[in-house]
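The values are calculated or read from the model by the stated rules, or taken from the named source; none is laboratory data. Quantities reported herein were computed from a predicted structural model and do not represent experimental measurements. Note that we place each Cβ from the backbone using ideal geometry, even for glycine, and neighbour counts take in every protein chain shown.
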Amino acid sequence: MTVTKSEGRVARRKRETLGRIIHAAAELFDAQGFDATTTQQISERVDIAAGTLFRYAATKPELLLLVYNERLREALAAAERAMDSEAETTEALLAYAVCILRAAADQPRNTALFQRELIFADADEPYRAEGLALVEEMEHRLCDRLMADLDDQTRAGDAELSATASARLQPVALQAARSIFADLHVLLIQPHRASDALNNDFADLRLQVAMIVDGLRVRAVEICASTPAGTIDVKTDIPKKNRKEPS
C-alpha cells in the first residue's frame with residue numbers, strides 16, 4: 001500500500017511538472033516565437049534543471065509538439081461543439097474546420113512548424129504519434145458526419161442504407177474526410193498568413209468542402225445502385241428480398 005501511494009505521488013508530481021513545462025513553453029513560443037525560444041529559457045521559467053527538462057522532452061521540437069498537441073485537443077473540442085450546432089452537413093463540416101483555422105490564426109508560424117513536425121519528425125517520437133492520433137480522430141469525426149449525411153440523403157429518397165452499401169461507402173467517406181483535412185492542412189502550413197486573409201481562406205474552404213460533399217453524394221448513389229438488392233438492411237438484418245412487409 002505504501003509503495004502504491006508513493007508511486008501515486010511520483011506520478012502526480014510528474015504530471016504537475018509536465019503541465020508547468022507546457023505552460024512555460026507555450027508562453028515563450030507565443031511571446032517570442034519558436035525560433036527565438038531556447039530550452040534554457042523554458043527550464044529557467046519552470047525553475048528546473050535542463051537535464052530534468054530533457055527527461056520530459058529531448059528536443060525543442062518535442063516541446064513544440066507537446067504544446068500544440070494540447071492546443072489541437074482544445075480546438076477539436078470546440079470544433080465538435082461547432083459542428084453539432086449546424087444542421088446542414090456542408091455548414092457543419094465547415095464550422096468544424098474553421099474552428100481549427102481560427103485557433104491557429106494568432107500563431108501562424110508556430111502552427112506551420114507544428115504541422116511540419118507532424119509530417120517529418122522521427123517516426124518513433126511519441127509526441128508526434130500523439131498528434132497524429134488527434135488528426136486521425138479529427139478525420140474519423142468528419143467521416144462520421146459524412147456517413148450520417150449519406151444515411152439522411154438515402155432516407156429522404158424513401159430508401160434505407162443497407163449494411164453492404166454502408167460498408168462500401170465507409171472507406172470512401174473516410175477518404176473524403178481526409179481530403180477536407182488536406183485542404184485545411186494546406187492553409188495551416190502557411191507560416192505568414194495575414195489576419196485579413198482569413199475571410200478568403202474561409203471562402204476557399206467552403207467551396208472545397210461543398211465540392212467534396214457533393215462528390216461523395218454522387219458516389220454514394222453509384223455505390224447504392226450497384227449494391228445487390230438482397231443485401232442486409234441495417235435496422236433489421238433481414239434480407240430485403242425476403243422481408244415481409246406488415247399488412
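Remarks
- Any helices (runs of 4 or more DSSP H) falling wholly within region 45-128 and containing at least 1 residues that are small (Gly, Ala, Ser) and farther than 26 Å from LEU205 by Cα: 50-56
- Verdict on ALA36 being loosely packed, with under 12 Cβ neighbours inside 10 Å, under 15 Å from LEU113 (Cα atoms) and modelled with pLDDT of 95 or more: yes
- Of the residues ILE212, ILE223, the single one that is modelled with pLDDT under 90, of a type in the set (Val, Ile, Thr) and in a helix (DSSP H, G or I) is ILE223.
- Unmet criterion (only one of (1) without any contact (Cβ under 8 Å) to a residue 12 or more places away in the chain; (2) assigned by TED's automatic domain parsing to the domain that holds ILE189) for GLU44: (2)
To keep it simple, each residue is scored yes or no on (1) closer than 29 Å to LEU72 by Cα; (2) of a type outside the set (Gly, Ala, Ser); (3) modelled with pLDDT of 95 or more.
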site	(1), (2), (3)
ALA133	yes, no, yes
GLN153	no, yes, no
ALA156	no, no, no
ALA159	no, no, no
GLN175	yes, yes, yes
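- Scan of region 29-40 for residues that are out of contact with any helix residue (DSSP H, G or I) (no Cβ under 6 Å at 6 or more places or on another chain) and assigned to a helix (DSSP H, G or I), ordered by number: ASP30, ALA31, GLN32, GLN40
- Matching entry among ALA123, ALA92, ALA148 (being surrounded by 14 or more Cβ atoms within 10 Å (Cβ to Cβ), over 15 Å from PHE29 (Cα atoms) and in the same structural domain as ASP204 (by TED's automatic domain parsing)): ALA92
- The combined condition, being under 26 Å from ASP149 (Cα atoms) and in the same structural domain as GLU137 (by TED's automatic domain parsing), is not fulfilled by ARG116.
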